[in-house]
Amino acid sequence: MPWIDACATDDIDAEDLIRFDHGGATYAIYHGVDGKFYATAGKCTHEDVHLCDGLVMDFMVECPKHNGQFDYRTGEAKRLPACVNLRTFPVKVEADRVWIEV
Amino acid sequence: MGNRDYDLFGPDAKRAVESGLTAAEWYHSDVPRKVMKELMARSDGPAMRDTVILYGAMIVLAGLGIALWPTWWSAPFWLAYGVLYGSASDSRWHECSHGTAFRTPWMNDAVYQIASFMIMRNSATWRWSHARHHSETYFVGRDPEIAIMRPTEMAKLIVNFFGILDVLKFIPNLVQNALTGPSAAERTFVPQAEWPKVQRVAQVHLAIYLATGALALAMGSILPLMVIGLPRLYGAWHHVMTGLLQHGGLADNVVDHRLNSRTVYMNPISRFIYWNMNYHVEHHMFPMVPYHALPRLHEIIKHDLPAPNRSIAEGFAEMWPAIKRQLAHQDYFLKRDLPATAKPYREDFQLYVPGMMPAPAAE
Ligand code: FES
């Protein structure tokens, strides 16, 4: 699987996320409360809604539509109406750049 | 479009999916991400304060009603208690179903369960119907929470100010849910994994009503029902009044909440009962902004919205003639002017579905 250069580390505020589109797919990249970076699929598993407009609280991302919640470290769906887990992707940081393996 | 079929299995429901309406993207006013994050931030403080006031007032009012029962002196206390039980529970149910009222999840859930019981909604079913209401607001055949269908049955609308139709629908549904789980229509929007929960919730609610009824029989008095159950009728008027204003007389089958939702300035008591849902365009556009931040959101995006109605009375004065007109012309809707500072309505949004929307019928 190729590693893709997604963004600079300071493109994402702490405890926040951004949207990253690549190769016809959309991803969400997180700057976690632990200072680490994470990546998941960019859209909620409940409906076709981008997570990038949602709120990050601790290790949880909230979908902006119906407040389905996911642990962005594991992708686990934590609150209804989201019942299906989110896909996650490996992330590495090199020279202040965030890379994801897609 | 002409005659509308609101059946969840009907031709309009099918058309909304096939035409792409259900997949279309909704319009959002621009709000910088940093500001939006501040608006969405959760806290327990405001909702804890409001919940203590609400339940405290209910206990005091019901206590006075019971103490003065059966004299007429108890009536004003029941009327006030009824509004808190039969109307404030609607907004608590609503906000807590979004999970935004409190920061702490168990607090949201606790108030959600209590409010669902009072407003006579199955907490496991209605979470899903409301999710659909937000994804597909006023899409004919898809939104299960359309309060004013066209043509409006005026008699029904008026009778329901006392919750009568809601309760008449609720009782057989409750019994069916308790015995066999969700109905066929409910199964279209409640995922299968949740069906047992629907049944369990119905059984708990039914057991409480049966116990209350048994107590009333044993006492030979309706007093227990004045506390549990009947206030859903005699106190419903406020939530019906505010609920009709949310979307009444406005467009259906559009993907711009400025066209299908209404913001109305209200007095502080109504806003407490309604938990700021008078900022209804704002709420639909950004449902993750908690109720206590909606006035701030309103200030930030009002330049992009139609002017709000300045009172409940003004809202009704605008809405009522439109509803009456829809009796004869189902396609008619109020298309309110936008201020010069707003981004215009995108006609391609409204006309997204060929044949679903007529040319704008505004006057
Ligand atoms: S679309 Fe994400 S929770 Fe519904």
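Provide a single number: the residues in segment B:114-135 that are touching a residue at least 60 places away in the same chain (Cβ under 8 Å) and closer than 17 Å to B:Val201 by Cα. Looking only at that region, the number is 11. Pairing each residue of segment B:287-308 that is farther than 12 Å from B:Glu95 by Cα with any residue that is of a type in the set (Gly, Ala, Ser), provided the two are 6+ apart or on different chains, yields C-beta distances under 7 Å for B:Ile301/B:Ser29; B:His303/B:Ala342; B:Asp304/B:Ser29; B:Asp304/B:Ala342; B:Leu305/B:Ala342.
Yes or no, residue by residue, for (1) over 23 Å from B:Thr152 (Cβ atoms); (2) buried (at least 21 other Cβ atoms within 10 Å of the Cβ); (3) polar (S, T, N, Q):
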site	(1), (2), (3)
B:Ala178	yes, no, no
B:Arg187	yes, no, no
B:Gln192	yes, no, yes
B:Leu206	yes, no, no
B:Leu223	yes, no, no
B:Val264	no, yes, no
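Across segment A:41-92, which residue is farthest from the ligand (Cβ to nearest atom) among those that are among the hydroxyl-bearing types (Ser, Thr, Tyr) and surrounded by 17 or more Cβ atoms within 10 Å (Cβ to Cβ)? Within segment A:41-92, the match that is farthest from the ligand (Cβ to nearest atom) is A:Thr88. Restricted to segment B:5-26, and to residues there that are touching a helix residue (DSSP H, G or I) at 6+ places or on another chain (Cβ under 6 Å) and either exposed (fewer than 14 other Cβ atoms within 10 Å of the Cβ) or outside any helix (DSSP H, G or I) (or both), the residue that is modelled with the highest pLDDT is B:Asp5.
The lone criterion from (1) part of a loop (DSSP other than H, G, I, E, B); (2) under 10 Å from the mean Cα position of the chain (by Cα) left unmet by A:Ala14 is number (2).
Among the criteria (1) surrounded by fewer than 22 Cβ atoms within 10 Å (Cβ to Cβ); (2) more than 12 Å from the ligand (Cβ to nearest atom); (3) at pLDDT 95 or above; (4) within 14 Å of another protein chain (Cβ to nearest Cβ), the one A:Tyr30 does not fulfil is (1).
Restricting the first member to segment A:41-52 and to residues that are under 16 Å from B:Thr22 (Cα atoms) and at the interface with chain B (Cβ under 9 Å from one of its Cβ atoms), and the second to residues that are in a strand (DSSP E or B) and not hydroxyl-bearing (Ser, Thr, Tyr), the beta-carbon pairs closer than 7 Å and six or more apart or on different chains are A:Val49/A:Lys43.
Scanning segment B:11-42 for residues that are touching a Phe, Trp or Tyr at 6+ places or on another chain (Cβ under 6 Å) and within 15 Å of B:Pro295 (Cα to Cα) yields a count of 0. Residues that are more than 16 Å from the ligand (Cβ to nearest atom) and among the aromatic types (Phe, Trp, Tyr) within segment B:113-152 comprise B:Phe117, B:Tyr138, listed in sequence order. Taking the criterion of being surrounded by fewer than 18 Cβ atoms within 10 Å (Cβ to Cβ) and either in contact with an Asp or Glu (Cβ under 6 Å, 6 or more places away or on another chain) or within 14 Å of another protein chain (Cβ to nearest Cβ) (or both), the only residue of segment B:136-159 that qualifies is B:Glu145.
The values are calculated or read from the model by the stated rules, or taken from the named source; none is laboratory data. Model, not experiment: these values are computed from the prediction. Note that we place each Cβ from the backbone using ideal geometry, even for glycine, and neighbour counts take in every protein chain shown.
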